[in-house]
Amino acid sequence: MKRLAQLFSVIAVAFFGYAVWLILNAEPDRVAIAPPPGIERTPQQPEAVPRGPFGLERLPELLDRYAPDIYRPQSETPRLTSPVDRILIEKSARRMTVWQRQGAPRTFTIQLGGAPKGDKSRQGDGRTPEGVFRIDRLNPRSRFHLSLGLDYPQKHHREAARRAGVHPGGDIMIHGQPNSIPDGYRVKGDWTEGCIAVTDDEIEEIFALTRIGTQVEIRP
């Protein structure tokens with residue numbers, strides 16, 4: 001009986017030790033906790049970058065292909081604050097520089113016609129005339145928000161067109177965007193019929209400080 005009691009004691013100690021080992025090495029239950037709103041759960045393994053037709057790898061190409069024909073531009077240069085003295089348009093650079101009476105000059109990104117290279121020679125050629133002009137009219141009811149008209153054609157333009165047997169064209173203006181597009185946006189690329197286009201906000205800024213007679217030089 002004494003040996004039997006000792007055997008039961010050994011078995012009980014062994015069982016107790018095994019139970020303690022299980023408790024110490026057992027993994028706690030995993031509780032799924034939802035992440036706070038707006039925060040995504042970080043995956044355990046890095047996700048592969050999609051490479052299909054609509055994958056991230058080709059996103060820039062898709063944006064170029066399917067982007068709308070208008071976009072919202074951003075301007076970082078200080079606004080004009082005093083009357084405009086002179087305007088310089090550089091066609092190849094798509095840049096217009098406006099000098100004001102007081103303060104630093106201001107530059108604008110411009111858009112031209114469908115055939116921007118070369119001097120204008122006839123109506124419908126899509127070109128912007130080159131030379132020195134003057135603002136000769138202000139139109140607050142333009143189809144392109146606001147517009148500043150240039151004194152084109154001048155005498156030598158009319159004479160050259162007459163010799164060539166063509167019409168020299170006219171209505172060359174610095175203007176805003178078409179009234180049909182949303183405020184704050186601009187059409188992409190060159191789209192005018194030979195005029196010089198800026199954003200609606202920019203033409204409002206220029207229009208308010210430009211007077212008839214202001215010189216406008218247009219370079220290739």
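The values are calculated or read from the model by the stated rules, or taken from the named source; none is laboratory data. The structure presented is a predicted model; accordingly, all values stated were derived computationally and were not measured. Glycine also receives a Cβ, built like all others from the backbone with ideal geometry; neighbour counts cover every protein chain displayed.
Of all residues in the stretch 158-185, those satisfying the criterion of being touching a Lys or Arg at 6+ places or on another chain (Cβ under 8 Å) and surrounded by 15 or more Cβ atoms within 10 Å (Cβ to Cβ) are A161, P168, G169, I172, Q177, P178, Y185.
So for the stretch 144-151 (the condition being surrounded by 14 or more Cβ atoms within 10 Å (Cβ to Cβ), among the charged types (D, E, K, R) and closer than 21 Å to Q215 by Cβ), does at least one residue qualify?
For the stretch 144-151, residues surrounded by 14 or more Cβ atoms within 10 Å (Cβ to Cβ), among the charged types (D, E, K, R) and closer than 21 Å to Q215 by Cβ: present.
So in the stretch 196-220, with the set limited to residues that are touching a His at 6+ places or on another chain (Cβ under 7 Å) and of a type outside the set (D, E, K, R), which one is surrounded by the most Cβ atoms within 10 Å (Cβ to Cβ)? Here the residue is A197. Does D136 qualify as being touching a residue at least 60 places away in the same chain (Cβ under 8 Å) and surrounded by 12 or more Cβ atoms within 10 Å (Cβ to Cβ)? Considered against the rule, which asks whether it is touching a residue at least 60 places away in the same chain (Cβ under 8 Å) and surrounded by 12 or more Cβ atoms within 10 Å (Cβ to Cβ), D136 comes out as yes.
So in the stretch 166-214, with the set limited to residues that are at pLDDT below 95 and among the basic types (K, R), which one is farthest from H145 (Cα to Cα)? For the stretch 166-214, the residue satisfying everything is K188.
So if I check each of T107, T97, T81, which one is modelled with pLDDT under 95 and under 19 Å from E204 (Cα atoms)? It would help to see each step written out before you state the result.
On the way: T107 fails: modelled with pLDDT under 95; T97 fails: modelled with pLDDT under 95.
Sole residue among the options that is modelled with pLDDT under 95 and under 19 Å from E204 (Cα atoms): T81.
The selection criterion, being surrounded by 21 or more Cβ atoms within 10 Å (Cβ to Cβ), closer than 22 Å to P78 by Cα and hydrophobic (A, V, I, L, M, F, W, C), does not hold for L112.
Mind checking which residues of the stretch 154-208 are within 20 Å of G114 (Cα to Cα) and among the acidic types (D, E)? Within the stretch 154-208, D171, D190, E193 meet the criteria.
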